[in-house]
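A short reminder: the numbers here are calculations on the coordinates, not readings from a lab. Bear in mind that the values here come from a model prediction, so they are computed numbers and not experimental data. We place every Cβ from the backbone using ideal geometry, glycine too, and count neighbours over all the protein chains shown.
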């Protein structure tokens, strides 16, 4: 029965995310407060150039679909022909990654990109064996430690996007309080997380801080699944959080499990890696995601112009690497779009800092340390991957076994 439910959820996800951009055309969807920027292709691609992509899952995973969409955007913008790129999907976080990378080298790829945290050791192995090929890896952290000239890490300041999405969540809580649906003390959110990695902790913390910036009484429970993509476990986690009186749910998980559970229970949802409006029109509010197309364009340009690829690259709002969907104004609180735009302006001019230590504590104490400069925890500065892993007050972790 669980296999049947998983297949149904996967099919629902494909339906709901197949045209994430198209959802913004609906009458209740606003234009994105933070739209993607157009790629600038100011270089020529060599005739024999080839790039390879290694993805953990396929398009049924929102995370992998986001990469595949970005690769498609770059391919079209650059004008690559079908013999200039190879995409490998469903590559596990094991020796299969090394084997996939070695095969891409054999097929003549100049750049090989892998998208999952657990791919890193195997990408490093391949980079050391094939120094003439550039290896680029998303979410990893070992490039600056290993000092392998042809190995590179990349990420984006998605904590800013999650903070903006958190503002939408906080405003929704305020609306529920105003309408008498909950009290200020009942403003509790739930969050479905994959693992207790810094990437997930940074994401849910920034989401919470965004909500807290407009709804000061908010608290949040986090339930981990131990998997990046497990529709049933993500559904179960969301349902468990709803049973614990969480009145709004978000997630760092890659299926339609959590959004689907929210739609069934009519609980507002802030999704990730794409709009779920098509499948969840009564609960979807907004979604943030990393746009990987700017990075893909950057590494293709570097290889074709002879420029050095950064050891660590972290794109932000200015690069078009952090984007939001439109806001579902049928569900979101009034004034949400304007509030997000104001926060975007603050992020751009520096008046808003996501991890301002004046706005959170750990066990009741102010936060200090090497990463804190002038009262700001500087995320993704010493490396591209997130390293904010503080357990801040106001967030309760229900299970930390993963």
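Points to keep in mind about this one:
- Multiplying the residue separation of residue 307 and residue 389 by 0.36 nm and subtracting their alpha-carbon distance yields 26.1 nm.
- Rough spin-label spacing in nm, given labels placed 7 Å along Cα→Cβ, for residue 318 and residue 28: 3.8
- Global geometry of region 36-131, whether rounded, prolate or oblate, following the gyration tensor of its Cα atoms and the 1.5 cut on a/c: oblate
- Fewest-first ranking of 222, 367, using other Cβ atoms within 10 Å as the exposure measure: 367, 222
- Of 62, 183, 28, the sequence from fewest to most neighbouring Cβ atoms within 10 angstrom is 183, 28, 62.
- Per-residue extension of 0.36 nm, minus the Cα-Cα distance of residue 227 and residue 368, leaves a gain of 47.6 nm for this segment.
- Ascending count of other beta-carbon atoms within 10 Å, so fewest first, for 353, 46: 46, 353
- For region 295-402: rounded, prolate or oblate by the Cα gyration tensor [a/c cutoff 1.5]: oblate
- Per-residue ellipticity at 222 nm, computed for the chain from helices alone with -39500 (n - 2.57) per DSSP H run of at least four residues, works out to -11500 deg cm²/dmol.
- Point-to-point label distance, residue 47-residue 72, nm (Cα→Cβ direction, 7 Å offset): 3.0
- What the Cβ-Cβ distance of residue 245 and residue 90 gives, at R0 = 56 Å and to the nearest 0.05, is a FRET efficiency of 0.90.
- Cα long-axis angle, helix 62-78 against the chain (0 to 90 degrees, to the nearest 10): 50
- Shape analysis of the chain places it in the prolate category; the axes a ≥ b ≥ c from the Cα gyration tensor give an a/c of at least 1.5, with a/b above b/c.
- Multiplying the residue separation of residue 58 and residue 128 by 0.36 nm and subtracting their alpha-carbon distance yields 22.5 nm.
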